[in-house]
Structures are given as C-alpha cells and as structure tokens.
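In what follows, a structure is listed as structure tokens, so that the remarks can point back to it.
The values are calculated or read from the model by the stated rules, or taken from the named source; none is laboratory data. Remember, it's a predicted structure, so these values are computed and weren't measured experimentally. Note that each Cβ is placed from the backbone with ideal geometry, even for glycine, and that neighbours are counted across all protein chains shown. The accessibility values were calculated without ligands, DNA or RNA, using every heavy atom of the protein model including side chains. Shrake-Rupley method; radii C 1.70, N 1.55, O 1.52, S 1.80 Å.
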Amino acid sequence: ISLFITISVNYYMAYIVCLFLCLYFIYLLVNNNFKDKKMIINKIINFAICSILAGLLSSFILLPVINDLIGTAKSINEGVSVTKVSSTIYNFLGRFYIGSTHKDIFINKNYPCIYSSILSLPLIYFYFRSNKYKLKEKISDAVILLILILPFFIPFLNFVWHGFSYPMWLNYRYSYILIFFNLILALKGLKTSDKIKLEDYLIFLIGF
C-alpha cells in the first residue's frame with residue numbers, strides 16, 4: 001500500500017525508491033541468516049508479488065507518463081548532466097557541514113544536497129569501528145553505502161538513477177536515499193558510541 005501511494009504521488013521519485021528497495025531487500029536477505037531455502041524463496045516471491053501489485057494498482061498514472069520517463073530529456077542541453085558530472089570528494093564531503101546547503105547549491109548540478117547532520121559522519125565512523133556488530137553486516141552496509149555514493153561520481157550511474165533520463169538542473173535527485181541510509185548507519189553508531197575508545201574520537205576529530 002505504501003509503495004502504491006509512493007508511485008501514485010510521484011512516479012519519478014518512486015522509481016528511485018524502487019531501485020533502493022531492491023538493494024535493501026537483498027541486504028536484508030543477506031543479514032537475516034535464513035537457513036531455510038524455502039523461507040528465502042517465499043520472501044522473494046512475496047516481495048515480487050507486492051511490488052508488482054503496487055505497480056499494477058498505480059498503472060492509471062504510470063501508463064500516461066511512461067513515455068515522459070523513458071527517453072525524454074530533462075536538460076536544455078541534452079546529455080550535459082550525464083557527461084559532465086563533476087562532483088568531487090571535496091565538495092561531496094563539504095555538503096555534510098552546517099550551512100553548506102543554500103539556494104545556489106540547489107540549482108547547481110555539481111553539488112549534491114546530502115546534508116544529514118554533521119553528527120552523522122562520526123556516528124557512521126563509530127559504527128564501523130565498533131565490535132558490537134558482525135563483520136558480515138558491516139561489509140553489507142559498506143557495499144550498499146558504496147553503491148549509493150558511486151552515482152555521484154560516475155556519470156552513467158547518475159544517468160541510471162535518474163530513470164535513464166537527463167534532469168534539468170537539480171542533479172542527484174536520489175540524494176535523499178543516501179541521507180536515509182546514512183541515518184540508519186548513524187543510529188547504529190549512536191548505539192555503540194558509549195563503547196568507542198578515546199583514540200577513535202581523536203582519529204576522527206583530526207581527520208574531520
């Protein structure tokens with residue numbers, strides 16, 4: 001029902017949500033340690049059926065706009081947003097600082113709006129340094145995090161996340177997915193912050 005509402009309200013943002021749901025579903029399968037193969041198959045079938053039903057229920061809005069999503073340029077100069085993505089580590093990490101997001105950033109295709117509290121970075125760092133969580137879970141989190149970050153630097157992946165279409169300004173429209181996952185990891189880090197050693201605080205403080 002929630003996916004149906006998401007698609008019906010904004011099919012463009014829903015496309016991004018659907019991509020993330022597929023990634024997150026695989027992530028949950030990996031980390032839940034299902035020993036019964038039948039249970040895994042049932043989970044996959046249920047996920048597929050619910051996703052298809054949500055798509056079919058929202059077809060009244062999807063069908064009229066599908067041509068707008070596929071092969072329709074959203075940029076004045078077609079291809080500019082894909083071929084000239086120039087996000088750098090510097091301006092990427094800089095978006096996590098207070099005051100880094102303003103009106104000029106919103107219309108600049110090279111600066112993603114990914115601010116999710118200045119505390120999210122140290123908390124994510126503390127999560128990966130903690131021994132409270134299993135290595136497999138942290139590797140899975142790192143893989144998902146990498147998948148969500150790479151599109152900010154690789155033009156083709158940026159193109160895919162935008163529905164194989166060129167956005168007009170407002171690049172990196174999938175930023176909210178990265179923010180969402182950052183906050184998930186930050187929450188895990190918050191739960192382990194009382195067990196972090198002093199040197200970890202100092203290491204991050206110097207590096208930050």
**OP:** With the full set of protein chains in place, find how many percent of the accessible area of segment 1-41 is carbon and sulfur; take the probe as 1.4 Å.
**Re:** 72 percent
Original post:
R0 = 30 Å: FRET efficiency of S59 with F164, Cβ-based, nearest 0.05?
Top reply: 0.95
Original post:
Can you tell me the accessible area per residue over segment 13-57, all protein chains present, probe 1.4 angstrom, in square angstrom?
Top reply: 68 Å²
**OP:** Report the calculated FRET efficiency for F25 and S193 (r = Cβ-Cβ distance, R0 = 30 Å), to the nearest 0.05.
**Re:** 0.55
**OP:** Could you tell me the distance between the Cα centroids of segment 148-203 and segment 1-40, to the nearest Å?
**Re:** 18 Å
**OP:** Please work out the FRET efficiency for the pair N32 and I5, using the Cβ-Cβ distance as r and a Förster radius of 30 Å; give the result to the nearest 0.05.
**Re:** 0.70
